[in-house]
Structure formats: C-alpha cells, structure tokens
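Accompanying notes for the structure given below.
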Amino acid sequence: MNGPVPGKVSVLQCFASAVVRTVVLLVLWWALTEGDADAVAFGLWVVPLIVVLWWRLFPPEGRGPRVLATLAFGGYFLCGSVAAGLDVARRLLSPRLPISPGYLTYTTSLPAGSPRWLLANTLSLLPGTLSVTLRGPQLELHCLDTTAPVSAAVGHVEMRIARMFPR
Amino acid sequence: MTLLMDTVAVVLLLLLVVGLLRIWLGPEPADRMLASQLFASTGVALLLVLAESQAQPALRDVALVLALLAVLSTVAFVTRVMQVARADSRGERRDV
Amino acid sequence: MSDSLIMLLQALLLVIGCLFFLVGTLGLFRLPDTLTRIHALTKADNLGLGFVVLGLLPSVPGPATAAKILLIWLIALAASATAAHLVARTVRATDASRDREERA
Amino acid sequence: MSGWLDGLLVVSLLVTAVAVLLSRDLFRAVVMFMAFGLLMALAWVRLQAQDIALAEVAIGAGLTGVLLLDAVSHFRRARPQHRSRGTE
C-alpha cells in the first residue's frame, strides 16, 4: 500500500535520496566502529551494498521529511519525554497516587505509513499517553489521567508531525 | 569518578534484582514481559557504565546487541499471544 | 577548575539517571494494572538511560564513541516504544478475549 | 564498591537459577531464564571475558528466550488446563 507512486519521484529526488542514505550509513558505520581507521576500508565496501538493499526494500517516496521541522520535532520530543518522566515521577512519589487510567480513541488526520507510526510511537514516550492499537486512522490510546486534556495534547503532537512530512 | 560509576553500577544492579520480584509475582504474562523490558534498559545502562569504569570499550558492543535483541523476545511473545487470542475470537478453542 | 565542574555535572547527571531508573522500578510495584505499569516503565527508564548516557558523554575517548552511545540510546528508545505498544496491544487483546469468554 | 557489585551478582545469579528450577509456571521460568542470561553476561563482564559476555547476551538473553517462549506457547495451546491465568 505504501509503495511509491510511479512517475511521482523525479531523478533529482532519487539522486538526493541516494546521497542522503549513503551519508547516513557512513556516519552510522563511523559511530559503530568508534572511528577505527582499520574498519574504514571495510565500511566503504559494505555501505553501497546496504544502500542498494535499502533502496530495494524501501524505494524513495517523493520528498523526504523536512530537515528543520524534523530538528524542531526532535527538540520538542526530548523536552516532552523529560516532562513525561517527571510527570510519572510526580504521580508515583505522591502518597495518594493521583491516576485515573482509561482508554481514549483518537482519529488522526495524518497520512498512512510512517507519519502514523511515528505518532503512535512517540505518543508512548510523551506525558500521559500510551498507544494501544492503530487501525487505519483510529488510534486507541491509554491515558494515565483521563481528567487531563489529552486530546488537545495529541492534536499538538499530530500538528508537529504533519509539519515534518510535506504533502 | 570510577568510584561514582561503580556506585551507579551497584544501584542499577540492585534495581534489576528488585525487578526479579515482578517477574516472579506478575499475575499476567504481560507483566513478566514488562519486567524483562526493565531488565533490557537497565542492563544497557549498566553495561555502558561498566564500559567506562572498567575501560573496556567492547562492552558498548554488548550493550548495543542487548538493546537490539531484547525486543525480539517481546515480539516473539506478542506474536504467539496474538495468535492464540485470534484463534479464541474465531471460536476455535472452547475447551476452557 | 572547569574539569571539576564537568565532573560535578557528570555526577549530577548520573545520579538523576539512577533516580529515574528508581522511579521506573517503583512504578512496576506501586501501580495497579499492567497498562499503567507500561506507562511508568517506558517513560522513566528511557529517560534514566538518557541521563546516564549524557553523564557518560564527557568521559568517552572521542566523538565517534560519543555518537555510538547516543546511537545506543536512540535504539533503546525506539525499541522500548515499540515494545510498549506491542505489549499494550496484547493486554488489550487478551482482555477482549476474556470478556468474550465471560459473556459466552 | 566492586566487591558489592560482585557479591550482588553472585546472589542474584543463584536466586534466578533456583527460581527457574522451582517455578511451576513455565512462562515464568522462561522469563526468569532470560533474566539469568543477562545476569550471567554481567558476570562474564566482571570476569573480564567480554567476548563471552557478547555471546551470552546474544544467545542467552536473546535467541534462547525467543525459542523458549515459542515452545511454551505451543505447549500451552496443546494443554489448555496449564494456562497460568488461574483466576476463574
């Protein structure tokens, strides 16, 4: 379902995607071998092979995510996960244990594929929400505190993810 | 610094041992899997700390392998349980 | 001077990391059901690992190693978010099938 | 401080080993065994055997866990009265 639409991806985009993938894999290799000089030659052989494999498994689908919005989302996500940890700590350390767990179904407007999965997976690490099932646009969440405005927070995350993926 | 890292390692190991209790008690299988998830994340932290305090860089590879493979057991658990639940919902197993 | 400052910061980050791990383990015991336990464990433990990684960053040998332990953290993050989703779905499915059994 | 670490490791290894043997619930025994594998890997780390620690993490905590979980779920489906959910 989420394969590429034929005729939509231009040659330039293909080239850009190949370059980006190669650079990502080279950086990955550099990090994994802890900058070992002996391993570089081996990496130069392996990286093109993996780019080919990656290309066959996941062909490029039009434009990739926007760089700036992705960085902004990364920062937002880090702050959000710190807030999530503090929120959990606050609830656990208070003697009354102030939680009121429950389910909530949210209908997302994000396109199918990686944006929806990104939403589901990041919500599990953001305050008060845990994704349970994802069926089409229906995302079932478990909330730690149903009295909090969960829907608005999810909408906010959704908007930030939508900004990352150009339509 | 090494003393601090060793102390951190002891604390993490202690938390890990406390997690054993949840594996033993956990009423549902899911609770036990959850405790094994706790083992994975604490184990990764422990290995990274030990890599610094014992100056053994290879331990980072051990931590990497642990982080990658710990999910596999969760996936195995989930696929089996989901198959059983699906068989249940189709009414194949009414022998309880 | 700045060396001791960095060491102090490192110690602080490591201790914060340990505290978050403590919260995660505490959540495993204080919370009433599986789903809420998943909440506490996923959030607190990843954050604990993140703080421990940050605390270790100044004492690793080079930038490549720093990138490696950050990469390990990212992998652990993705792994535990996925695992949390999968376990939560399992809990939901077994709950549903148990309901059906009770009604039958 | 390392003495504490080693002592705790030894005690927890013994505890998990006994728990694996004594557990009547097979699923619990399997998860306990995975925990035992991780602790064993940590013990290898303390014994300065990093390569064995790597193998132990991959095999003991990873692959054996997957295989045993699979085996237990097959077994449980074959003999439904052994299901751990004994609340009814």
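A few points about this structure:
- Within a Gaussian network of chain C (alpha carbon springs, distance under 10 Å), most fluctuating of C:81, C:66, C:93: C:93
- At R0 = 60 Å, FRET efficiency that the Cβ-Cβ distance of residue A:10 and residue D:22 yields, to 0.05: 0.40
- The mean number of Cβ atoms from other chains found within 10 Å of a Cβ in peptide C:10-21 is 5, as a whole number.
- Top of A:57, A:118, A:104 by mean-square fluctuation, Gaussian network on chain A, Cα under 10 Å: A:57
- Where labels lie 7 Å past Cα in the beta-carbon direction, separation of residue D:75 and residue D:59 in nm: 2.1 nm
- The C-alpha radius of gyration of chain C, expressed as a fraction of 2.2 N^0.38 Å, stands at 1.45.
- Over the Cα atoms of chain A, the radius of gyration divided by the Kirkwood radius equals 1.07; this is the Rg/Rh ratio.
- A simple packing score, the average count of other Cβ atoms within 10 Å per residue, orders the peptides C:50-62, B:35-47, A:87-99 as B:35-47, C:50-62, A:87-99, with the highest score first.
- Heavy atoms of chains C and A lose about 3000 Å² of accessible surface on contact, summed over both sides with a 1.4 Å probe.
- Per residue, the convex hull volume that the Cα atoms of the protein assembly as shown enclose (Å³): 170 Å³
- Count Lys and Arg as plus one, Asp and Glu as minus one, and take only other residues whose Cβ is under 12 Å from that of residue C:62; the net charge is then -1.
- A cut-off of 5 Å between modelled amide H atoms, ignoring neighbours fewer than 5 places along the same chain, links residue A:130 with A:142.
- Other protein chain C-beta atoms within 10 Å of residue C-beta, averaged over A:115-124: 3.
- Calculated accessible area for the range A:16-90 comes out at 65 Å² per residue, all protein chains present (probe 1.4 Å; ligands, DNA, RNA ignored).
- Accessible surface of chain C [probe 1.4 Å, protein heavy atoms]: carbon and sulfur percent: 71 percent
- Cα centroid separation, the range A:32-102 to the range D:50-72 (Å): 25 Å
- Under 5 Å from the amide H of residue A:145 lie the amide H atoms of A:100, each residue being 5 or more positions distant or on a separate chain, with H modelled from the backbone and absent for Pro and chain starts.
- Net charge of neighbours whose Cβ lies under 15 Å from the Cβ of residue A:137, counting Lys and Arg as +1 and Asp and Glu as -1: 0
- Oblate is the label for chain B. Its Cα gyration tensor axes, ordered a ≥ b ≥ c, give a/c of at least 1.5 and b/c at or above a/b.
- Residue among A:100, A:109, A:81 with the largest mean-square fluctuation in a Gaussian network model of chain A, springs linking Cα atoms under 10 Å: A:100
- On the range A:11-57, 81 percent of the accessible area sits on carbon and sulfur atoms, based on a 1.4 Å probe.
- Buried surface between chains C and B: roughly 3900 Å² of accessible area, summed over both sides, computed with a 1.4 Å probe on protein heavy atoms only.
- Legend: mean number of C-beta atoms from other chains within 10 angstrom of residue C-beta atoms, peptide D:11-18, equals 2.
- Here the Karplus relation 6.51 cos²θ - 1.76 cosθ + 1.60, evaluated at θ = phi - 60°, turns the backbone of the range D:60-70 into coupling constants of x, 7, x, 6, 4, x, 4, 5, 5, 4, 4 Hz, with x for every Gly and Pro.
- Under the Karplus curve 6.51 cos²θ - 1.76 cosθ + 1.60, θ = phi - 60°, whole-Hz ³J(HN,Hα) for the range C:18-33, x wherever Gly or Pro sits: 4, 4, 5, 4, 4, 4, x, 5, 4, x, 4, 9, 7, 7, x, 9
- Summed buried accessible area for D+B [probe radius 1.4 Å, Å², rounded to 100]: 3800 Å²
- Around the amide H of residue B:54, modelled in the peptide plane, lies no amide H under 5 Å away from a residue 5 or more places distant or on another chain.
- For the range B:4-12, Karplus couplings with θ = phi - 60° (6.51, -1.76, 1.60), whole Hz, Gly/Pro x: 4, 5, 5, 4, 4, 4, 5, 4, 5
- With every protein chain in place, the range B:2-68: carbon and sulfur % of accessible area (1.4 Å): 76 percent
- Sorted on the mean count of surrounding Cβ atoms within 10 Å across their residues, most packed first, peptides D:59-67, D:45-53 read D:59-67, D:45-53.
The values are calculated or read from the model by the stated rules, or taken from the named source; none is laboratory data. Here the structure is a predicted model, which is why all the values come from computation and not from measurement. For neighbour counting, all protein chains shown are included, and Cβ atoms are generated from backbone atoms with ideal geometry for every residue, glycine included. All accessible areas refer to the heavy atoms of the entire protein, side chains included, with ligands and DNA or RNA removed. Shrake-Rupley method; radii C 1.70, N 1.55, O 1.52, S 1.80 Å.
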